[in-house]
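Please read the structure below before turning to the comments.
No lab work stands behind these numbers, since they all come straight from the coordinates. Quick caveat, the model's predicted, so the values are computed rather than measured. For neighbour counting, all protein chains shown are included, and Cβ atoms are generated from backbone atoms with ideal geometry for every residue, glycine included.
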Amino acid sequence: MNFRQFAFNNVFRNKRTYAAYFLSSSFSVMIFFIYSVIASHPAMKDGISHMLPILAMGIAKWIVYVFSFFFILYSVGAFLKTRHHEFGILMIHGMSPRQLNRLIFLENMIIGFGAIVTGISSGLLLAKVGFMIGGSAIGIELPYHISISALVMTAGSFVVLFFVISCLTQFMVSKSKVQQLLQGTNKPKPEPRASLILSLLAAVLLVVSYVLSYTAKAATIGYLMIPVVLMTIIGSYFLFTQLSVFLVHLLKRNDRLFLRNTNMLTISDLAYRMKDNARMFFMVCIVSTVAFCAVGTLASFGVMEDELVQSHVYDLNYVSKKGNQMEQAHLTEVESLLKLKGIEYSKTAYEYVTVKTEESKSQWTVFAQSSYNKAAADLQRPSVAVTGEQALLIPYLKDTIHFKLPFEAETVHIADSSIKLTTTDKVEGPITNQGLIGEALIVSDEKYKELSKHGKKGVIYGYKTVDWEQSVGVGTGIVQDYDQAVKTLRTGNGEILFEFSSLAASVTVQRQMFSIMMFTALLVGAVFFIASGSFLYFRLYTDLEQDKERYKAIGKIGLTDRELSKIATTQLLLLFFIPIIVAVIHSAFAFTALQSIINLSIVGQTVKVLAGFTFAQIVYFFVIRWRYMIHLREAVR
């Protein structure tokens, strides 16, 4: 048997230990590969109306890659610790440190190569499912197509990743002495201690971050985000490394609780487990929080469609400026298509004038009182009365429960004239679809006639339909003309003399963007969640041999199978659910802050996401507990 065969056999002898590491690595490779083949699919470029979702998939793909690097590096370190005793025996039998490094390098490359082959093979098998799910979510058909570039990129990227990690493994073992290697994980541990100051700091940081998240407003959330995230991360670290140990010591001082039944065994061991697993708890907590927030945030954005519908005053809106020769052709196109589709509609038209101000040479859109009241009647809003130099402001955004546009009285001097206007109040706005015009003014009919001599007139057409979702495709020709006008404008020639807005088109684009980004977030969230479960699995099986010896010794002094099950289950519950519960609390306050910038309730979406992840963790717990108890019962018997 040569050295390579020895390394190969070592991997298979430790297959139970390496199982979760191998499967998690393969899953990361598979997700990266599926992302790559979907993003590089020819139909994506033709079927996606916006490049943001494709960019999001590309970013998510490399997030998975970078995360996989640190995840695999941590996993290798955890497994090498369980094999210290084995390495010590090999060195006693004459293996040099250089040969040991080579052995570890070969073993890791064998596992890495197997994970790459398995991940890509699984991706090839499941790519069709990915195309079906992704295509259904995006709303386009994705026939089975495997890009060679995606295949080469996946294989090459992960070969580099495993090679770099395999090179780094030599720094994890080579500096240890043979005596330390032989002791492995069995060397005595000092009693865990906790700092009162750091424990209090953890509580203060988390409480402050929660209060800031709960009280955040739309105007302040941008300033609070980074400080709150930093306080939450630091507070979480000290929560698991200090505060948790401190609380366990408090439990030990409660004799009534500590001396009851098997609590002495459970609580005594808990302090050591909390200290030993503190960093793992911290990583699982942060990774799970990121997964919850990523998926939950995008799930919450599903309610944005309702906000988008509310922001569109008309189902179809057309703004025609002075000199627009395509006005009649565009209106004819809209109305003929609506009739062709059998969609009933009502049409409203009202004039405006655009004038420049002396203060900043900026442009203002001005409506006559009669024109505004005509639009207000159509929109079921109250009419207004304006006199003299008085003007009323029409906001360009709709006030929400979270954000209200401030109003300040302002005097506006019209350029090249002696006319001045003073805004005295604002009305409910806007009266056109968002983005077509900015802030506007309402003036008296007499003042409007004066302003018409100093500005450019235009007309706004608004269409309301019985069913706006049926108007998809109406106005496609106008959009093409607009795109051509934009290209002409970039060359320095021409002017865009019309604007067009379609609620159905806007919702279609948003649904497509939301669906593909949600699909992306779910896959990334799955990688993160499986990785957090793998962290728990690694730690559990790292201590398995020690747990077997401990429970075997306790069993000899009369520990019953029921008591064994109770102690082990309690410890597993804490191991699995302490970081998840903290992550759920973190995420709940993060969603509270998110609610401050969304007009509609996201409670339903938030609960669904958190409940889904929690249910998956419960299922994972019962599966791992079942396997773990089998090993412990075998040792006790």
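Using mean Cβ contacts within 10 Å as the protection proxy, how do 350-357, 7-14, 520-527 order, highest first?
520-527, 350-357, 7-14
For the pair F12 and V117, how long in nm is the line joining their label points, each one 7 Å along Cα→Cβ?
It works out to 1.2 nm between the two label points.
If you take every residue apart from T387 with its C-beta less than 15 Å away from the C-beta of T387, what net charge results, scoring Lys and Arg +1 and Asp and Glu -1?
Net charge around T387: -2.
When the chain is fully extended, how far beyond the present Cα-Cα distance does L23 get from A485, taking 0.36 nm per residue of separation?
Here the segment from L23 to A485 would lengthen by 161.0 nm.
Order the peptides 608-620, 363-375 from the highest to the lowest mean number of other Cβ atoms within 10 Å of their residues.
Answer by packing, highest mean first, reads 363-375, 608-620.
Kindly identify region 417-471 as rounded, prolate or oblate by the Cα gyration tensor criterion: order the square roots of the eigenvalues as a ≥ b ≥ c, call it rounded if a/c is under 1.5, otherwise compare a/b with b/c, prolate if a/b is larger, else oblate.
Judged from the Cα gyration tensor, region 417-471 comes out prolate (a/c at least 1.5, a/b above b/c).
At a 10 angstrom cut-off on C-beta neighbours, averaged per residue, how do the peptides 448-457, 376-385 rank from highest to lowest?
448-457, 376-385
If you stretched the chain out fully between L257 and M225, how much longer would it get, using 0.36 nm times the residue separation minus the C-alpha to C-alpha distance?
Difference between extended and current length: 7.4 nm.
Work out how much length S96 to K322 would gain on full extension: take 0.36 nm times their residue separation and subtract the Cα-Cα distance, in nm to one decimal.
Between S96 and K322, full extension yields an extra 72.7 nm.
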